[in-house]
Amino acid sequence: MKNLNKTSQRKSSVHWLLFIVYVAATVGFSLPPSAAYSSSEKAPYCGAYPAAEAEYLCECLPNSAQGSVWGSGPYTADSSICAAARHAGVIDTQGGLVQTIRRPGQNSYEGSVANGITTSGWGAYATSFSLVNGTDQIAACSVMPSGATFLQCRCDPGLLQQGQVWGVGPYTSDSNICSAARHAGLIAHEGGIVEVLSLGGLSSYSGSSAHGQTTSAWGQYGASITFNRN
C-alpha cells in the first residue's frame, strides 16, 4: 500500500504541475525582472579599466563622474572611466552605459576642460582607453590631442566647416579634423566616422581646394596628421 500511495502522490503532483503550466500559458506569465536574467548578464558598474580586456562595457550611475582623469581622448588606463566619459560627452549627469576600448600608450597626454570635467596632462603611459557609449556613439572630432598616435572620432554635418586646415595631406596636427577629412574626400556633407593617424612634422605644407574645402599653406610644423583609408 505504501508503494501505491507514493505512486498516487507522484501522479497528483504531476497533475498539479500540468495545471499550473496550463494556467500560466492561458493567462500569460512572465518572470520578474530579477529572475528574467542573472546579475552576471548585466553590465557591471564602472571601476578601474580591466588590464586584460580589449573592450569593457560598464554602467555609470547618475552623478558618478568623479575621480582623476589624464588626457583628452584617449585617456590613461588608470583614469576614472565615468569622469572620462562625461568629459568626452558620451554620457550626461544621468549616467548610462559606457563602452571602453583599450588603446596603445601615448608619449604624452594633454589635459583640457569639457562638459564640466577638467582633465590633467601627463607624460608617457603604457596603456590608454577611448570611449564609445552604449549606443555606439563615438565622440565628436576636434583636433588631434597632443601626443596621441591614433584617434577615432565622428564628424557631424555641422562640424565640417568649423575650423582651419593647413596642408593637403598630411595636414598640420592642429588642423580641424573634420574639415581636413572633408578636404581629403573621406566624408561627404553628411559627415561620418574617421580614424586619424599621427605623423612627423614637415618642413612646409601646401594649400589647395578640394571637395568644397579650402586649406591654407604653412611653413615648418612639428607634427602632422593623416587618415586611415583602409
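Remarks
- Mean shadow area of region 38-138, taken as a quarter of the surface of its Cα convex hull (nm²): 5.9 nm²
- FRET efficiency, 1/(1 + (r/R0)^6) with R0 25 Å, evaluated for Leu197 and Tyr45 via beta carbons: 0.15
- Ordering of 48-56, 149-157 by burial proxy (mean other Cβ atoms within 10 Å per residue, highest first): 149-157, 48-56
- Computing FRET efficiency as 1/(1 + (r/R0)^6) for Asp156 and Thr127, where r is the C-beta to C-beta distance and R0 is 35 Å, gives about 0.75.
- The slack between Ile101 and Gln220, meaning 0.36 nm per residue of separation minus the straight C-alpha distance, is 39.4 nm.
- Packing-based ranking of 179-186, 96-103 yields 179-186, 96-103, ordered from highest to lowest mean Cβ neighbour count within 10 Å.
- Long-range HN-HN contacts of Gly207 with modeled amide H, under 5 Å: Ala217
- The tail of the calculated P(r) for region 140-230 beyond 18 Å holds 34 percent of all Cα-Cα pairs.
- Full-extension gain in nm, Arg229 to Asn63, via 0.36 nm per residue minus C-alpha separation: 55.9 nm
- Ranked by the mean number of other Cβ atoms within 10 Å per residue, highest first, peptides 115-121, 170-176, 197-203 order as 170-176, 115-121, 197-203.
- Dipole orientation for region 38-138: of the candidates Gln99, Trp70, Ala84, Trp70 has the Cα lying most toward the positive pole (charges on Cβ; Lys, Arg +1; Asp, Glu -1).
- Projected label distance in nm at His189 and His211, using a 7 Å step from Cα toward the beta-carbon: 1.5 nm
Where a number appears in this text, it was derived from the coordinates with a stated rule and is not lab data. Computed from a predicted structure; not experimentally measured. Positions of Cβ are generated from backbone atoms using ideal geometry, with glycine treated the same way; all protein chains shown enter the neighbour counts.
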